[in-house]
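A.B. asks: This is the structure I have questions about; it appears just below.
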Amino acid sequence: MLGDEGIVVLDNTAFYAEGGGRVGDVGELSSNAGVGALFDVTDTQKVQAAVFGHKGKLISGSLSVGDTVAATIDLHKRRATARNHSATHLLHSALRHVLGDHVAQKGSMVNTERTRFDFAHNEPVSAADLQEIERIVNRIIAHNVEVSANLMSYDDAIRSGAIALFGEKYGDTVRVLKMGEFSTELCGGTHVKRTGDIGFFKIVSESGVAAGVRRIEAVTGEGAVTYAQAQDSLLKEAASALKAQSSDEVVSRLNALQDHVKAVEKELTRLKAKLASSAGDTLAEAAVEIQGIKVLAVELEGADNTALRETLDKLKDKLKSAAIVLAAKTDGKVALVAKRYRRSHQQS
């Protein structure tokens, strides 16, 4: 039925099925048999050997078992995914170059928007190392080296220096993806023809996902340009808010703002101390005597812990012997200080 979602299963397809962390291709399936059919493919999965499932929605016509269909891949999205996928290989090699040979892939997710790469490493990657990794990847992109894929036996591939994923099951014949002399790995996904096709590589985040496993997310090509433009817009907005003449002045303006905030906080502390001193004279008069002991329990509106302690000290000097409880509530939190003082000595 038109508009119905479903899965079209084919014994052969030009669509790349999801695998190795790379999302499946999207596009269209069409048929001129009977009433012309158009099926919008939103994902492709490998059901089993030589059986491929194309998930999507029927836009027009009808499809029946045995129909022959034409597959039209969304090349714009495939190329975007290929750029991100190829960049993942360069990232892996750059990580090993900068951090050490202990780095090993622990997982990945590649789609049209970005690449996500999980790897073995026991501590956060420093900002300086991230910059170096970016520089290396973009240098290989700028060199525009050839990307080649060849089939060979697994043993020959390993002897040639190809990196295999730990725990991954490989057949006797494997596909070896080589990017110049910089990267050689076993991989069956779609890739660029030359590294220059990636365009531009930019790391957008680095984080920890498990013990001994870090994650880097990055963008390439048009996605990297969009990201850089968005960051530039944010920087210009910050410059405008800080009344900086240019983006270069943002840091100096922020430093000046921090210095001003520290000065204001210092003045606020001084004023609170002064307020505590004056409050002590007034509050002392509110103390009541119970069984020979002066007792004072009050709430000081807007006071912080420092103001409460200073007020307590002032009241001690005024009342000499007394049991004092002072409380304050700020931002929904309650602060409380209490002491009992005697003429000869004080007791908490």
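A.B. asks: Going through region 60-79 one residue at a time, which ones are surrounded by 14 or more Cβ atoms within 10 Å (Cβ to Cβ) and hydrophobic (A, V, I, L, M, F, W, C)?
C.D. replies: Kept after step one, since they are surrounded by 14 or more Cβ atoms within 10 Å (Cβ to Cβ), are these residues of region 60-79: 61-63, 67, 69, 71-74, 77-79.
Passing the criteria: L63, V69, A71, I73.
A.B. asks: While we're looking at this one, here's another question. I'm trying to understand the selection: among the residues of region 42-73, which are over 12 Å from L29 (Cβ atoms) and under 29 Å from the mean Cα position of the chain (by Cα)?
C.D. replies: Within region 42-73, D43, Q45 qualify.
A.B. asks: Just wondering, is there one or more residues in region 14-23 that are open to solvent by 50 Å² or more (accessible area, probe 1.4 Å), modelled with pLDDT of 85 or more, among the hydrophobic types (A, V, I, L, M, F, W, C) and within 21 Å of S86 (Cβ to Cβ)?
C.D. replies: Scanning region 14-23 turns up at least one residue that is open to solvent by 50 Å² or more (accessible area, probe 1.4 Å), modelled with pLDDT of 85 or more, among the hydrophobic types (A, V, I, L, M, F, W, C) and within 21 Å of S86 (Cβ to Cβ).
A.B. asks: Any residue at all in region 174-187 that is under 30 Å from D40 (Cα atoms), buried (at least 18 other Cβ atoms within 10 Å of the Cβ) and in contact with a strand residue (DSSP E or B) (Cβ under 6 Å, 6 or more places away or on another chain)? First the steps, then the outcome.
C.D. replies: Going residue by residue through region 174-187, those that are under 30 Å from D40 (Cα atoms) are 187.
Those left that are additionally buried (at least 18 other Cβ atoms within 10 Å of the Cβ): 187.
Among the residues that remain, those that are also in contact with a strand residue (DSSP E or B) (Cβ under 6 Å, 6 or more places away or on another chain) are: 187.
Yes: region 174-187 contains one or more residues that are under 30 Å from D40 (Cα atoms), buried (at least 18 other Cβ atoms within 10 Å of the Cβ) and in contact with a strand residue (DSSP E or B) (Cβ under 6 Å, 6 or more places away or on another chain).
A.B. asks: Hey, can you tell me all the residues within region 96-138 that are under 29 Å from G24 (Cα atoms), polar (S, T, N, Q) and touching a Gly at 6+ places or on another chain (Cβ under 7 Å)?
C.D. replies: Scanning region 96-138 gives a single hit, S108.
A.B. asks: Please list, ordered by first then second residue, the pairs with beta carbon atoms under 9 Å, 6 or more apart or interchain, first in region 300-314 and closer than 16 Å to E267 by Cβ, second open to solvent by less than 80 Å² (accessible area, probe 1.4 Å) and assigned to a loop (DSSP other than H, G, I, E, B).
C.D. replies: The qualifying pairs are A307/L300.
A.B. asks: Moving to a separate point now. Taking region 206-257 only, how many residues are more than 30 Å from A82 (Cα to Cα) and of a type in the set (V, I, T)?
C.D. replies: 2
A.B. asks: Of Y170, Y154, which residue is aromatic (F, W, Y), within 24 Å of T44 (Cα to Cα) and out of contact with any Ser or Thr (no Cβ under 6 Å at 6 or more places or on another chain)?
C.D. replies: That would be Y170, the only listed residue that is aromatic (F, W, Y), within 24 Å of T44 (Cα to Cα) and out of contact with any Ser or Thr (no Cβ under 6 Å at 6 or more places or on another chain).
The values are calculated or read from the model by the stated rules, or taken from the named source; none is laboratory data. Note that the structure is a prediction, hence the values are computed from the model and not measured. Heads up, the Cβs are rebuilt from the backbone with ideal geometry, glycines too, and the neighbour counts pull from every protein chain shown. Keep in mind that these areas ignore ligands, DNA and RNA; they rest on the heavy atoms of the full protein, side chains included. Shrake-Rupley method; radii C 1.70, N 1.55, O 1.52, S 1.80 Å.
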